[in-house]
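Each remark here refers to the structure printed beneath this line.
The values are calculated or read from the model by the stated rules, or taken from the named source; none is laboratory data. What you are looking at is a predicted structure, and each value in this text was computed from that prediction instead of being measured. Because the Cβ atoms are built from the backbone with ideal geometry, glycine has one as well, and the counts that use them run over all protein chains shown. What goes into the accessible areas is simple: the full protein's heavy atoms, side chains included, and nothing from ligands, DNA or RNA. Shrake-Rupley method; radii C 1.70, N 1.55, O 1.52, S 1.80 Å.
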Amino acid sequence: QVQLVESGGGLVQPGGSLRLSCVVSGTLFSIYNMHWYRQAPENQRELVAAIASDGRTSYKDSVQGRFTISRDDAKNTVYLQMNNLKSEDTAVYYCNAVVRLRRWSVGTDYWGKGTLVTVSS
């Protein structure tokens, strides 16, 4: 059974930084794309950043230049470095990974349970 566990959330003042981590555990063959989503109260879940297996990245416009997504395939871990945080970044942040369980398998979506980021003075 594949599990994703996020960590690194917390309370930070505007302008501060946080680094989120997400570890993918379990029996698997490979990990394709990895993503960070977020969901603020009364809002829909939105894609924040994505990283492909070849390292290509993409970002939501409002976080471009402030957030950096990276991955360590040896540790099956994806990171989200968040700098210059703003109050509108407050949300639960979710990790998502497209995982291939066997060599011949298609990719399957897995989600973490989320970590809360609160940006407030």
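Residue count for the stretch 112-121 satisfying the condition of being part of a strand (DSSP E or B) and open to solvent by 60 Å² or more (accessible area, probe 1.4 Å): 1. State which residue is modelled with the highest pLDDT when the search covers only the stretch 7-52 and only residues that are of a type in the set (A, V, I, L, M, F, W, C), in a loop (DSSP other than H, G, I, E, B) and closer than 18 Å to Val98 by Cβ. If we take residues in the stretch 7-52 being of a type in the set (A, V, I, L, M, F, W, C), in a loop (DSSP other than H, G, I, E, B) and closer than 18 Å to Val98 by Cβ, then Ala52 is modelled with the highest pLDDT. Residue count for the stretch 19-36, restricted to those that are of a type in the set (A, V, I, L, M, F, W, C) and open to solvent by less than 30 Å² (accessible area, probe 1.4 Å): 6. For the stretch 100-111, indicate whether the set of residues that are open to solvent by less than 40 Å² (accessible area, probe 1.4 Å) and either among the hydrophobic types (A, V, I, L, M, F, W, C) or closer than 20 Å to Ser7 by Cα (or both) is non-empty. No, the stretch 100-111 has no match at all. Looking only at the stretch 62-111, residues that are in contact with a Pro (Cβ under 7 Å, 6 or more places away or on another chain) and either of a type in the set (Phe, Trp, Tyr) or at pLDDT below 95 (or both) come to 0 in all.
Scanning for something in a helix (DSSP H, G or I), hydroxyl-bearing (Ser, Thr, Tyr) and under 17 Å from Gly16 (Cα atoms), does the stretch 58-67 turn up at least one residue? Checked against the condition, which is being in a helix (DSSP H, G or I), hydroxyl-bearing (Ser, Thr, Tyr) and under 17 Å from Gly16 (Cα atoms), the stretch 58-67 yields at least one hit. Going through the stretch 37-56 one residue at a time, which ones are open to solvent by 70 Å² or more (accessible area, probe 1.4 Å) and either closer than 18 Å to Val117 by Cα or β-branched (Val, Ile, Thr) (or both)? Listed by number, the residues that qualify are Pro41, Glu42, Asn43, Gln44, Arg45, Leu47.
Among the residues making up the stretch 69-93, those that are touching a residue at least 12 places away in the same chain (Cβ under 8 Å), in a strand (DSSP E or B) and under 23 Å from Arg56 (Cβ atoms) are Ile69, Ser70, Arg71, Thr77, Val78, Tyr79, Leu80, Gln81, Met82, Tyr93. What about Asn96, is it part of a strand (DSSP E or B), surrounded by 15 or more Cβ atoms within 10 Å (Cβ to Cβ) and under 10 Å from the mean Cα position of the chain (by Cα)? Yes; evaluated as a whole, the condition is true for this residue. Of everything listed in (1) closer than 19 Å to Gly15 by Cβ; (2) open to solvent by less than 50 Å² (accessible area, probe 1.4 Å); (3) in contact (Cβ under 8 Å) with a residue 24 or more places away in the chain, the single unmet condition for Arg66 is (3).
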